[in-house]
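Down below is the structure, laid out as structure tokens.
The values are calculated or read from the model by the stated rules, or taken from the named source; none is laboratory data. Source: prediction; values computed, not measured. In this analysis, Cβ positions are derived from the backbone assuming ideal geometry, glycine residues included, and neighbour counts consider all displayed protein chains. Remember, those area values only see protein heavy atoms, side chains included, never the ligands or the DNA or RNA. Shrake-Rupley method; radii C 1.70, N 1.55, O 1.52, S 1.80 Å.
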Amino acid sequence: MEFVKKYKVILSGILMVLLFAVAGTVFFMMRNHNQNKKEQNVEKQKEENYLSLSASDQETADLYSELYEISREDVAEQQIKMKDWEKTAKELEKAFFTIPENEKYQMEKDGYSLEDLQEAEKLSVKTGRKAIELAEAKGKISDKRKWSEVVKDSEILTTEEQLGLTKEQIQRLEDKSLGKEERVEVAILIMNGTYTFDEVIQKLAAGITVEELKKQNEN
């Protein structure tokens, strides 16, 4: 009798372990399913945000996507939130050229130098490379890597290049006798989606000044 009782207790214990194991597996599978479904819904919503933009706004989103190395859907989400391309551009610039303070704090704890993180932000503006990627390329203090190994002199961009103009485009503006300040203004107008480069060239050829282009945009 006593053996039978012990057997029943052991059997009950085994069944309980199996029950908990099955329940845990089911819970884990349901949680993963819900998580995957949630992620799919988020991605679907992002795609819908992009498709809800007008054709011209989609073109601008595509431009910013390439410029700031971010998905067009994330650009669209930012634009829908800001409802203003100028404000959207500022947010995208901030995300590209700076490292969030919470990330800096964590990176310092992981062995990165605060001075290097700050230098990465400065070089991001000068090179057009993402600040966080520059910081990671420089590495931790223990890596003992120099900035000259990460950024070459040839990568340092002019202000116009930092705003998205190519060397060829800058030369064409110089051929139109535009000074640096005017070239920067043109780059900003193009970056904000106000004009394409070809439209700017056409208007300059028609005798319209950069100042007049700016006023037309404001109106």
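What residue, among those in the stretch 142-157 that are outside any loop (DSSP other than H, G, I, E, B) and touching a helix residue (DSSP H, G or I) at 6+ places or on another chain (Cβ under 8 Å), is least open to solvent (accessible area, probe 1.4 Å)? Break it down into steps so the answer makes sense when it comes.
Taking the stretch 142-157 as the starting set, the residues that turn out to be outside any loop (DSSP other than H, G, I, E, B) are 142-143, 147-150, 153-155.
Now drop any that are not touching a helix residue (DSSP H, G or I) at 6+ places or on another chain (Cβ under 8 Å), which leaves 147, 150, 155.
On the way: 147: 49, 150: 18, 155: 52 Å².
If we take residues in the stretch 142-157 being outside any loop (DSSP other than H, G, I, E, B) and touching a helix residue (DSSP H, G or I) at 6+ places or on another chain (Cβ under 8 Å), then 150 is least open to solvent (accessible area, probe 1.4 Å).
State all residues of the stretch 181-210 that are of a type in the set (Ser, Thr, Tyr), under 28 Å from residue 65 (Cβ atoms) and open to solvent by 60 Å² or more (accessible area, probe 1.4 Å); if no residue qualifies, say none.
Here is the first cut: in the stretch 181-210, the residues of a type in the set (Ser, Thr, Tyr) are 194-196, 209.
In the following step, the residues that additionally are under 28 Å from residue 65 (Cβ atoms) were identified as 194-196.
Residue satisfying the conditions is 196 alone.
Could you go through the stretch 53-73 and let me know if any residue there is more than 27 Å from residue 129 (Cβ to Cβ), part of a loop (DSSP other than H, G, I, E, B), open to solvent by 70 Å² or more (accessible area, probe 1.4 Å) and polar (S, T, N, Q).
No.
Residues of the stretch 158-175 being farther than 21 Å from residue 57 by Cα and either free of Cβ contacts under 8 Å to residues at least 12 places away in the same chain or open to solvent by 30 Å² or more (accessible area, probe 1.4 Å) (or both), which ones?
Step one: list which residues in the stretch 158-175 are farther than 21 Å from residue 57 by Cα, which gives 158-162, 166-175.
Within the stretch 158-175, 158, 159, 162, 166, 167, 168, 169, 171, 172, 174, 175 meet the criteria.
Within the stretch 120-155, work out how many residues are among the charged types (D, E, K, R) and closer than 22 Å to residue 95 by Cβ. Show your work before the answer.
Narrowing the stretch 120-155 to residues among the charged types (D, E, K, R): 121-122, 126, 129-130, 133, 136, 138, 140, 143-146, 149, 152-153, 155.
Subsequent filtering for residues that are closer than 22 Å to residue 95 by Cβ retains 121-122, 126, 129-130, 133, 136, 138, 155.
Number of matching residues: 9.
How many residues are at positive phi and modelled with pLDDT under 95 when one looks only at the stretch 102-138?
So the answer is 1.
Could you please give the count of residues in the stretch 74-120 that are under 23 Å from residue 144 (Cα atoms), among the aromatic types (Phe, Trp, Tyr) and either under 11 Å from the mean Cα position of the chain (by Cα) or surrounded by fewer than 19 Cβ atoms within 10 Å (Cβ to Cβ) (or both)? Give the derivation first.
Initial filter on the stretch 74-120 (under 23 Å from residue 144 (Cα atoms)): 98-99, 103-120.
From what is left, the residues that are among the aromatic types (Phe, Trp, Tyr) are 105, 112.
Okay, now just the ones that are also either under 11 Å from the mean Cα position of the chain (by Cα) or surrounded by fewer than 19 Cβ atoms within 10 Å (Cβ to Cβ) (or both), so 105.
Residues in the stretch 74-120 being under 23 Å from residue 144 (Cα atoms), among the aromatic types (Phe, Trp, Tyr) and either under 11 Å from the mean Cα position of the chain (by Cα) or surrounded by fewer than 19 Cβ atoms within 10 Å (Cβ to Cβ) (or both): 1 in total.
Please tell me if residue 178 is in contact (Cβ under 8 Å) with a residue 24 or more places away in the chain, crowded, with 19+ Cβ neighbours inside 10 Å and either of a type in the set (Ser, Thr, Tyr) or farther than 22 Å from residue 127 by Cβ (or both).
Values: in contact (Cβ under 8 Å) with a residue 24 or more places away in the chain: yes; crowded, with 19+ Cβ neighbours inside 10 Å: yes; either of a type in the set (Ser, Thr, Tyr) or farther than 22 Å from residue 127 by Cβ (or both): yes.
The answer is yes for residue 178.
For the condition assigned to a helix (DSSP H, G or I), touching a residue at least 12 places away in the same chain (Cβ under 8 Å), within 30 Å of residue 142 (Cα to Cα) and among the hydrophobic types (A, V, I, L, M, F, W, C), what is the one hit in 89, 76, 95?
So the residue among 89, 76, 95 that is assigned to a helix (DSSP H, G or I), touching a residue at least 12 places away in the same chain (Cβ under 8 Å), within 30 Å of residue 142 (Cα to Cα) and among the hydrophobic types (A, V, I, L, M, F, W, C) is 95.
What number of residues within the stretch 177-219 satisfy the criterion of being under 27 Å from the mean Cα position of the chain (by Cα) and in a loop (DSSP other than H, G, I, E, B)?
Qualifying residue count for the region: 5.
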